[in-house]
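The structure under discussion appears below in the form of structure tokens.
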Amino acid sequence: PASRLPQVGTTIFTQMSQLASDHQAINLSQGFPDFEGPQVLLDRVGEYIKKGMNQYAPMTGVEPLRLAIADKIQRCYGRKVCPQAEVTVTSGATEAIFAAIAATVRPGDEVIVFDPAYDSYEPAILLNGGVAKHIQLDSYDFSINWDAVREAITASTRMIILNSPHNPSGATLSVEDVAALEALVENTDILILADEVYEHILFDGRHHLSLHRYEALAERSFIVSSFGKTYHITGWKIGYCVAPAALSVEFRKVHQFLTFSTSTPMQYALADYLNLDKDHDQALGEFYQAKRDRFNTAMQDSRFQFTPSQGTYFQLMDYSNISDINDVEFVHWLVKEVGVAAIPLSVFYQKAPPELRWVRFCFAKRDETLDQALERLIKA
Ligand code: PMP
Ligand code: GLN
């Protein structure tokens, strides 16, 4: 049959997690923690179910959660957003990304995407008739070449998709990046989709340069985040999108027919938890930095080479000292022969540089899991 997405197969995350389980390997591929989120948060869901909060939530999200999100944005970034008109709760960041694109990208519109890119952007653009214009990040430090962006902009450019902290590289935006972006979009009607799902996971004293901090950018942006990453609950699939009222109106037109609304008891539980533990966000960077350092310190004794990740719970590793095979072959070898699953970097590119020899490890794991994996990886 004719396919709307002929190039798309099963996602690499599903493939690698399946391979890890087939080979009983330690799974450092798909990004999810192997430990639980806060007990109080988990308990609250059951309590709300027993209290009868089991019917449709309002389309935009339950009010206490929208209020708690607005409060968090004010606390973290000093920006006042309207919980009624500007905040929409979604079924994960994935839904928010799709809805923002579907709401604004018209057939033939161009969307700038930076490679390596998270895998859900391109299919969302294509399904809505848009054209993805890929710009490669620097192949060493994954920074953005703003001259290349300037050259890529045309009269058809509708949107730029930014992801910081960046999956899969762990790179983060700098003040210079934000200034360059501001200068580029000034006096245009280019929209921005800011994927900030790792907003609370930054290392070595870095501060997240959320677009919420930059009013001139925020007023043309869909700023998306996910509770999955922040509260160790990737399986709940609850995220949100903050956008100016006029953009939120369009966003909600799509959201109401994509999912209509998202799980009611979980939204109430999250609202409570956001208010109960306001320090959680600030502590998360340190929590994951300890895991990154545990992983990287041991990896110094391996043949892998790396520069420490600046944010996210991912670490890229160069394996060119171990093998010259391509990264897809390498992760198959690694899962079978070494017993550790990873993600090949090339799958995040439209056209991967042929000399690419990097794989991505997820370090959102219990220390025992990391130590077990490390024991194997240092022998590779
Ligand atoms: N964007 C990025 C960069 C991600 O890494 C992820 C999750 N892996 C998502 C979006 C999707 O988030 P969610 O699970 O909340 O849909
Ligand atoms: N975001 C996760 C990752 O990068 C995977 C999400 C998914 O499996 N779709 O590993």
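Note on the stretch 86-142: residues that are touching a Gly at 6+ places or on another chain (Cβ under 9 Å) and away from ligand 2 (no atom under 16 Å from the Cβ) amount to 14. Can you confirm whether the stretch 152-162 contains a residue that is over 30 Å from Leu258 (Cα atoms), without any contact (Cβ under 8 Å) to a residue 40 or more places away in the chain and part of a loop (DSSP other than H, G, I, E, B)? Checking the stretch 152-162: not a single residue is over 30 Å from Leu258 (Cα atoms), without any contact (Cβ under 8 Å) to a residue 40 or more places away in the chain and part of a loop (DSSP other than H, G, I, E, B). For the structure I just gave you, tell me whether Glu47 is among the charged types (D, E, K, R), closer than 30 Å to Pro265 by Cβ and not in a helix (DSSP H, G or I). No: the conditions fail for Glu47. Just one of the listed residues (Ala290, Ala364, Ala298, Ala373) is part of a helix (DSSP H, G or I) and crowded, with 20+ Cβ neighbours inside 10 Å, and it is Ala373.
Residues in the stretch 322-349 that are surrounded by 15 or more Cβ atoms within 10 Å (Cβ to Cβ) and assigned to a loop (DSSP other than H, G, I, E, B): Ile322, Ser323, Asn326, Gly339, Ala342, Tyr349. Report the residue count in the stretch 18-45 for those that are buried (at least 18 other Cβ atoms within 10 Å of the Cβ) and of a type in the set (S, T, N, Q). The qualifying residues number 3. Select from the stretch 154-177 the residues that are among the β-branched types (Val, Ile, Thr) and touching a helix residue (DSSP H, G or I) at 6+ places or on another chain (Cβ under 7 Å) and list them in ascending order. Result: Ile161, single match. If the condition is being touching a strand residue (DSSP E or B) at 6+ places or on another chain (Cβ under 9 Å) and either surrounded by fewer than 16 Cβ atoms within 10 Å (Cβ to Cβ) or not hydrophobic (A, V, I, L, M, F, W, C) (or both), then the stretch 80-100 contributes Glu86, Thr88, Thr90, Ser91, Gly92, Thr94, Glu95. In a residue-by-residue description of the stretch 343-359, the property of being within 16 Å of ligand 2 (Cβ to nearest atom), of a type in the set (Ser, Thr, Tyr) and either at pLDDT below 95 or out of contact with any strand residue (DSSP E or B) (no Cβ under 7 Å at 6 or more places or on another chain) (or both) applies to at least one position.
Remark: pairs (first residue in the stretch 71-100, more than 13 Å from Arg252 (Cβ to Cβ) and aromatic (Phe, Trp, Tyr); second residue part of a helix (DSSP H, G or I) and more than 16 Å from ligand 1 (Cβ to nearest atom); Cβ separation under 6 Å; 6+ apart in sequence or on different chains) = Tyr77/His212; Tyr77/Arg213. Kindly establish whether Val62 is within 16 Å of ligand 2 (Cβ to nearest atom) and either in the same structural domain as Val131 (by TED's automatic domain parsing) or of a type in the set (Val, Ile, Thr) (or both). Against the criterion (within 16 Å of ligand 2 (Cβ to nearest atom) and either in the same structural domain as Val131 (by TED's automatic domain parsing) or of a type in the set (Val, Ile, Thr) (or both)), Val62 does not qualify.
The values are calculated or read from the model by the stated rules, or taken from the named source; none is laboratory data. Here the structure is a predicted model, which is why all the values come from computation and not from measurement. All Cβ positions, even for glycine, are placed from backbone atoms using ideal geometry, and neighbour counts span all protein chains on display.
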